[in-house]
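**Q** Got a structure for you, questions after.
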Amino acid sequence: MERTVVITGGGRGIGRATAELAAERGFSVLILDLARKAAADTEAALRGQGGRAGGVGGAVPDRRRVWA
């Protein structure tokens, strides 16, 4: 069974560390961060280590501010 986790604030700091740990443990990871580039950088790092990841920029409470 594939397991997926969504990490808000996953572009840097504690969020990024959590995303890395989840990927190491076999989860597919969706990174959401206000800074689109930070989300993309984390996505690239996880994929570079063989993980399954996607990065999205935006704000959780306002779906109009979410972009892929």
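**Q** Report, by residue number, each residue of the stretch 6-33 that is surrounded by 19 or more Cβ atoms within 10 Å (Cβ to Cβ), under 8 Å from the mean Cα position of the chain (by Cα) and of a type in the set (A, V, I, L, M).
**A** Ile7, Ala19, Val29, Leu30, Ile31, Leu32
**Q** Among the residues that make up the stretch 34-55, is at least one of them open to solvent by less than 40 Å² (accessible area, probe 1.4 Å), part of a strand (DSSP E or B), hydrophobic (A, V, I, L, M, F, W, C) and at pLDDT below 90?
**A** No, the conditions are met nowhere in the stretch 34-55.
The values are calculated or read from the model by the stated rules, or taken from the named source; none is laboratory data. This is a predicted model, so every value here is computed, not measured. So basically every Cβ, Gly included, is an ideal-geometry build from the backbone, and we count neighbours across all protein chains shown. SASA here: full protein model, heavy atoms, side chains in, ligands and nucleic acids out. Shrake-Rupley method; radii C 1.70, N 1.55, O 1.52, S 1.80 Å.
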